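The values are calculated or read from the model by the stated rules, or taken from the named source; none is laboratory data. Only a predicted model underlies this, so the values are computations on that prediction, with no experimental measurement involved. Ideal geometry is used to build each Cβ from the backbone, glycine not excepted, and the neighbour counts take in all protein chains shown. Accessible surface is based on the protein model in full, side chains and every heavy atom, while ligands, DNA and RNA are left aside. Shrake-Rupley method; radii C 1.70, N 1.55, O 1.52, S 1.80 Å.
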Amino acid sequence: AVSVAYGDFSDDVIKLSDGVASRLGLSKVDFNSAAVRFSSFADKIAGEGGNVSGVVDDLTTRAADFASVYNIGVSEALGIMQSGLAGSAEPFNRFGVNVLDSEVKAYALATALSCRKLLTPPVTFKTP
């Protein structure tokens with residue numbers, strides 16, 4: 001599935017699964033499953049010619065960190081991250097994390113950042 005989802009980048013993504021048990025607390029099967037679920041996001045975030053496997057590595061590492069901080073399973077954290085990237089803010093609410101589009105824009109304005117620079121490429125989140 002990784003080969004189909006990532007095409008030319010599949011070898012790089014597959015290499016990330018080496019040592020993933022000790023690095024992220026996931027089996028290779030679970031990592032590859034998560035990588036496939038993140039494939040469309042990783043491609044868009046990396047942009048044309050970007051480091052797709054680097055984005056997958058960043059997303060999965062951040063999910064593992066999130067799991068550690070909030071004392072949840074890495075698989076659950078990966079699901080929450082996927083939901084957030086798909087535009088659903090609800091899964092983050094139980095952790096006090098607000099990723100509503102309006103709040104992200106308010107933060108960007110309050111810190112004198114443009115939303116386009118903060119989110120490159122621009123990502124929009126659904127508001128409830």
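Against the chain, whose longest principal axis comes from its Cα atoms, helix 52-70 is set at around 70 degrees. Pairing the Cα long axis of helix 28-37 with the longest principal axis of the chain, what angle in degrees results, from 0 to 90 and rounded to the nearest 10? Helix 28-37 sits at roughly 40 degrees to that axis. Approximating the spin labels as points 7 Å out from Cα along Cα→Cβ, the PHE95-to-ASP8 distance works out to 3.4 nm. Summing charges over neighbours of ALA77, with a neighbour being any other residue whose Cβ is under 11 Å away from its Cβ, gives -1 when K and R count +1 and D and E count -1. Only helices enter the 222 nm calculation for the chain: every DSSP H run of n ≥ 4 contributes -39,500 (n - 2.57), and dividing by all residues gives -18000 deg cm²/dmol, rounded to 500. In this structure TYR70 has an accessible area near 80 Å², from a 1.4 Å probe over the protein heavy atoms.
Considering only alpha-carbon pairs that sit under 8 angstrom and 6 or more positions apart, the relative contact order computed for the chain is 18 percent.
When the Cα gyration tensor is reduced to axis lengths a ≥ b ≥ c, the ratio a/c is 1.5 or higher for the chain, and with a/b not above b/c it is classed as oblate. Only lysine pairs 8 or more places apart or on separate chains count here, and in the chain those with Cα atoms under 16 Å apart total 4. Calculated FRET efficiency, ARG62 to ALA1, Cβ-Cβ distance, R0 = 22 Å: about 0.50 to the nearest 0.05. The residues of the range 4-118 have, on average, 56 Å² of accessible surface per residue, using a 1.4 Å probe with all protein chains present.
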